[in-house]
1. Yes or no: the stretch 58-76 includes at least one residue that is under 14 Å from H91 (Cβ atoms) and in contact with a Leu (Cβ under 7 Å, 6 or more places away or on another chain).
2. Go through the residues of the stretch 75-88 one by one and say whether even a single one is assigned to a strand (DSSP E or B) and among the small types (G, A, S).
3. With the condition kept exactly as written, say whether any residue in the stretch 8-19 is β-branched (V, I, T) and modelled with pLDDT of 90 or more.
4. Could you please give the count of residues in the stretch 57-83 that are farther than 18 Å from P96 by Cα, at pLDDT below 95 and among the aliphatic types (A, V, I, L, M)?
5. Does the stretch 55-71 include one or more residues that are assigned to a strand (DSSP E or B), touching a residue at least 12 places away in the same chain (Cβ under 8 Å), closer than 19 Å to G83 by Cα and polar (S, T, N, Q)?
6. Condition first: touching a helix residue (DSSP H, G or I) at 6+ places or on another chain (Cβ under 6 Å) and either modelled with pLDDT of 95 or more or in a helix (DSSP H, G or I) (or both). Now tell me which residues in the stretch 29-50 satisfy that.
Amino acid sequence: MQRAAPARAGEDTVRENTAPPRPHELHTTPLGAARLCKNLGFAPQDVMRQCIRCIAQPDAVYQRKGKNWYITSADCEFVVNAGSGTVITAHRRPPPQNGS
């Protein structure tokens, strides 16, 4: 695997040559699960199942910046560590504006 040159401050470090994480390989920490529950409103017992459901949607967009993947689905945005597959955080996306 090629290593990218170190980024300078302010540079966008998108790497196109790495494969995105596979949804079934994702996991989180106990603190991450609590953060995901708080930010997304998912029940604690199925937080990762719900996250994987969102990430595995066919319209999800994956973009790697530095050491993280930024995954945008229809209603959520996720940050996943590229090396470990750990879901770090997520946020709900605001609904689209209807021509106002």
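1. Taking every residue of the stretch 58-76 in turn, at least one turns out to be under 14 Å from H91 (Cβ atoms) and in contact with a Leu (Cβ under 7 Å, 6 or more places away or on another chain).
2. The initial filter retains those residues of the stretch 75-88 that are assigned to a strand (DSSP E or B), namely 76-81, 86-88.
In the following step, the residues that additionally are among the small types (G, A, S) were identified as none.
No, the stretch 75-88 contains no residue that is assigned to a strand (DSSP E or B) and among the small types (G, A, S).
3. Checked the stretch 8-19: no residue is β-branched (V, I, T) and modelled with pLDDT of 90 or more.
4. Number of matching residues: 1.
5. Yes; the residues of the stretch 55-71 include at least one that is assigned to a strand (DSSP E or B), touching a residue at least 12 places away in the same chain (Cβ under 8 Å), closer than 19 Å to G83 by Cα and polar (S, T, N, Q).
6. Applying the first criterion (touching a helix residue (DSSP H, G or I) at 6+ places or on another chain (Cβ under 6 Å)) to the stretch 29-50 yields 33, 36-37, 42, 44, 47.
The answer is A33, L36, C37, P44, V47.
The values are calculated or read from the model by the stated rules, or taken from the named source; none is laboratory data. Given the structure is predicted, the values throughout are model-derived calculations rather than measurements. All Cβ positions, even for glycine, are placed from backbone atoms using ideal geometry, and neighbour counts span all protein chains on display.
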